[in-house]
Each structure stands twice: as structure tokens, then as C-alpha cells.
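Enquirer: Take a look at this one; I'll ask things after.
The values are calculated or read from the model by the stated rules, or taken from the named source; none is laboratory data. As the structure is a computational prediction, the values presented were derived from the model and not from experiment. Cβ placement follows ideal geometry from the backbone for every residue including glycine, while neighbour counts extend to all protein chains displayed.
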Amino acid sequence: MGKPQRRHRSARTLRVLRAERELTQQLIAARAGLTQTRYWQIEHGEGAPLRKEERAAIARLLEVAPHEIAWPEMKLTQLQVRRADAREERRRATDTITVGRA
């Protein structure tokens, strides 16, 4: 008899894991130290990039290892894109003024 074979479980999404445990977004968010909006963003792959601490806290609450979760690829919201564009435009304007004075 050899070692018992470990069954490979494929990664499951946050929504599936949360539903299996009958947890709400509000409950997970509160226990993980996040706002409900931030947890929604994470579950839907929107918003700022995931921090390591967020991954660890959510995985702990769902009682799985972080690598067992199919984490979404985070995409910036339209508001975040507009803000980043505005910052870049201000930076370019400042660079142009600075170069003109040199």
C-alpha cells in the first residue's frame, strides 16, 4: 500500500465558496476588515489590485488556502481610470511648465 492519493480540487470562485458556506458579502467583509463595497469589488474583479493581506483574510474566513481560490483578475473601474488619466494630464502639464522655465 502506497501513500493515499490526494484529490486535486480545482480552484473555485469566491462567490461559489461563499454560497457553499451560506455567508453574506457583508459578513465576510466585516470579519476581514473590509467594506462591503471593497469585498464586492474583489468578488467581481473590479477596483484596486488585491493586497496579500486581503487574500489571506478572505481565504481564512472561507477556510481554504489562498491558492484554492480562483481569484479574479482585477480591472480598474471607470472612475479609477478617469482619475489616473487626470493625474497623468496634470503631471504632463507640470513637466511642460518646468521645462519651459529651464
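Enquirer: From the set of residues in region 11-50 that are of a type in the set (Asp, Glu) and in contact (Cβ under 8 Å) with a residue 12 or more places away in the chain, which is surrounded by the fewest Cβ atoms within 10 Å (Cβ to Cβ)?
Expert: At the first step, the residues of region 11-50 found to be of a type in the set (Asp, Glu) are 20, 22, 43, 46.
Keeping just the survivors that are in contact (Cβ under 8 Å) with a residue 12 or more places away in the chain gives 43, 46.
On the way: Glu43: 18, Glu46: 15.
Applying the filter and picking the extreme gives Glu46.
Enquirer: Filter region 73-83 for residues that are of a type outside the set (Ser, Thr, Tyr) and either under 18 Å from the mean Cα position of the chain (by Cα) or at pLDDT below 90 (or both) and give the result. Break it down into steps so the answer makes sense when it comes.
Expert: Of region 73-83, the ones of a type outside the set (Ser, Thr, Tyr) are 73-76, 78-83.
Once the filter is applied, which keeps residues that are of a type outside the set (Ser, Thr, Tyr) and either under 18 Å from the mean Cα position of the chain (by Cα) or at pLDDT below 90 (or both), region 73-83 yields Glu73, Met74, Lys75, Leu76, Gln78, Leu79, Gln80, Val81.
Enquirer: Among the residues of region 57-76, count how many are in contact (Cβ under 8 Å) with a residue 12 or more places away in the chain and outside any helix (DSSP H, G or I).
Expert: Of the residues in region 57-76, 10 are in contact (Cβ under 8 Å) with a residue 12 or more places away in the chain and outside any helix (DSSP H, G or I).
Enquirer: Any chance you could count how many residues in region 46-56 are charged (D, E, K, R) and outside any helix (DSSP H, G or I)? Explain how you work it out, then say what you get.
Expert: At the first step, the residues of region 46-56 found to be charged (D, E, K, R) are 46, 51-55.
Keeping just the survivors that are outside any helix (DSSP H, G or I) gives 46, 51.
Within region 46-56, residues that are charged (D, E, K, R) and outside any helix (DSSP H, G or I) number 2.
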